[in-house]
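K.L.:
Mind having a look at this structure? Questions to follow.
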Amino acid sequence: MVDVDIIVNKFVALWRIPFVRLKLPWTFLVLSMVGSLVKSTQLVPDTYFSNSRNVLNMYFVKVSWGWTLLLLTPFIFLIYYKDSLTFALRRMSSLVVATAIWYIFTETFFYIEDATGTCHRDQVPHKEFTTKWRCRNAGGQWDGYDISGHSFILSYSALIIAEEMAPMATMERNRNIVLDLLYVSLNGIVFIWIWMFMCTSVYFHNFWQNGLGTVFGILAWFVTYRVWYPKPLSPGLPLKPTKQS
């Protein structure tokens with residue numbers, strides 16, 4: 001499909017610009033700080049995206065890790081399996097690591113919110129409800145410290161997708177329509193994540209809650225892709241492997 005090939009080449013050209021990939025972590029930090037500061041002015045009018053029930057939030061962000069795995073799993077496999085099935089499986093293990101990181105961080109955020117909060121209903125504290133879930137089911141409001149899980153998962157997911165898409169910039173063979181469509185879809189998801197990350201910063205949480213979520217997302221990416229993955233005993237970096245027997 002000629003049209004898909006043109007789109008793929010445009011995305012490849014975009015990611016070949018050093019500034020785009022190298023400055024992506026800093027982009028999230030800047031968006032988080034600027035967005036939160038704009039929110040603090042209370043001058044931002046309500047829009048479609050200030051409602052948490054907007055389509056992108058309900059059907060993409062709330063299941064963002066599912067979208068990430070759905071697209072990255074076949075993409076990584078198709079990139080590497082013809083050169084080395086072993087290396088393909090090794091690279092796919094990075095998704096197991098990423099899923100564990102996602103789970104640990106999000107559960108930790110939930111725990112912190114439960115541990116630091118109290119339940120209020122009609123401005124009266126109700127200490128019998130010890131978790132946010134029980135409080136809300138009883139019609140109350142929970143005031144725990146809510147580190148932004150959206151800021152975490154959107155930054156972390158976008159950064160690892162950008163890393164895993166890198167081999168397409170050097171692939172001239174072994175490309176097919178399925179791989180190209182996955183690549184286009186992954187780019188689309190990254191742009192959705194960046195847009196929704198900005199909306200989160202502008203409309204939800206506060207400066208420190210968004211900032212902590214963002215820093216943890218960047219830290220999780222940095223420790224894996226910049227510290228651990230270059231080492232031998234790891235899932236390895238997303239580079240085009242040489243032919244192995």
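K.L.:
Can you work out which of the residues in region 186-196 that are open to solvent by less than 50 Å² (accessible area, probe 1.4 Å) and in contact (Cβ under 8 Å) with a residue 60 or more places away in the chain is nearest to the chain's Cα centre (by Cα)?
P.N.:
Selected residue: Trp193.
K.L.:
I'd like the residue in region 98-115 that is within 21 Å of Thr68 (Cα to Cα) and aliphatic (A, V, I, L, M) and, out of all such residues, is least open to solvent (accessible area, probe 1.4 Å).
P.N.:
Of everything passing the filter in region 98-115, Ala98 is least open to solvent (accessible area, probe 1.4 Å).
K.L.:
Please list, ordered by first then second residue, the pairs with beta carbon atoms under 7 Å, 6 or more apart or interchain, first in region 102-130 and under 28 Å from Ser151 (Cβ atoms), second charged (D, E, K, R) and crowded, with 17+ Cβ neighbours inside 10 Å.
P.N.:
Glu113/Lys132; Glu113/Asp146; Asp114/Lys132; Gly117/Lys132
K.L.:
Taking the condition of being closer than 30 Å to Val184 by Cβ and either open to solvent by less than 30 Å² (accessible area, probe 1.4 Å) or in a strand (DSSP E or B) (or both), how many residues in region 116-165 meet it?
P.N.:
Counting residues in region 116-165 that are closer than 30 Å to Val184 by Cβ and either open to solvent by less than 30 Å² (accessible area, probe 1.4 Å) or in a strand (DSSP E or B) (or both) gives 17.
K.L.:
Condition test on Arg53, is it more than 15 Å from Ala166 (Cα to Cα) and open to solvent by 90 Å² or more (accessible area, probe 1.4 Å)?
P.N.:
Answer is yes for this residue.
K.L.:
Right, another one. With Gly188, Gly213 as the choices, which residue is touching a His at 6+ places or on another chain (Cβ under 9 Å) and part of a helix (DSSP H, G or I)?
P.N.:
Gly213
The rows are residues; the columns are (1) open to solvent by less than 80 Å² (accessible area, probe 1.4 Å); (2) of a type in the set (S, T, N, Q); (3) within 20 Å of the chain's Cα centre (by Cα).
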| position | (1), (2), (3) |
| --- | --- |
| Leu22 | no, no, yes |
| Gln42 | no, yes, no |
| Ile76 | yes, no, yes |
| Tyr81 | no, no, no |
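K.L.:
Please name all residue pairs, on different chains or six or more residues apart, with Cβ atoms under 6 Å, provided the first residue is in region 78-99 and is in a helix (DSSP H, G or I) and the second residue is among the β-branched types (Val, Ile, Thr).
P.N.:
Arg91/Ile76; Met92/Ile76; Ala98/Ile160
K.L.:
Filter region 27-71 down to the residues that are in contact with a helix residue (DSSP H, G or I) (Cβ under 7 Å, 6 or more places away or on another chain) and in a loop (DSSP other than H, G, I, E, B), then identify the one that is modelled with the lowest pLDDT.
P.N.:
Checking each candidate, the answer is Val44.
K.L.:
Return the residues of region 216-236 that are touching a residue at least 24 places away in the same chain (Cβ under 8 Å) and either farther than 16 Å from Thr27 by Cβ or open to solvent by less than 70 Å² (accessible area, probe 1.4 Å) (or both); say none if nothing qualifies.
P.N.:
Phe216, Gly217, Ile218, Ala220, Trp221, Thr224, Tyr225, Tyr229, Pro235, Gly236
The values are calculated or read from the model by the stated rules, or taken from the named source; none is laboratory data. Because the structure is predicted, anything quoted here is derived from the model rather than measured. Note that each Cβ is placed from the backbone with ideal geometry, even for glycine, and that neighbours are counted across all protein chains shown. Surface accessibility is based on the protein's heavy atoms, side chains included, excluding ligands, DNA and RNA. Shrake-Rupley method; radii C 1.70, N 1.55, O 1.52, S 1.80 Å.
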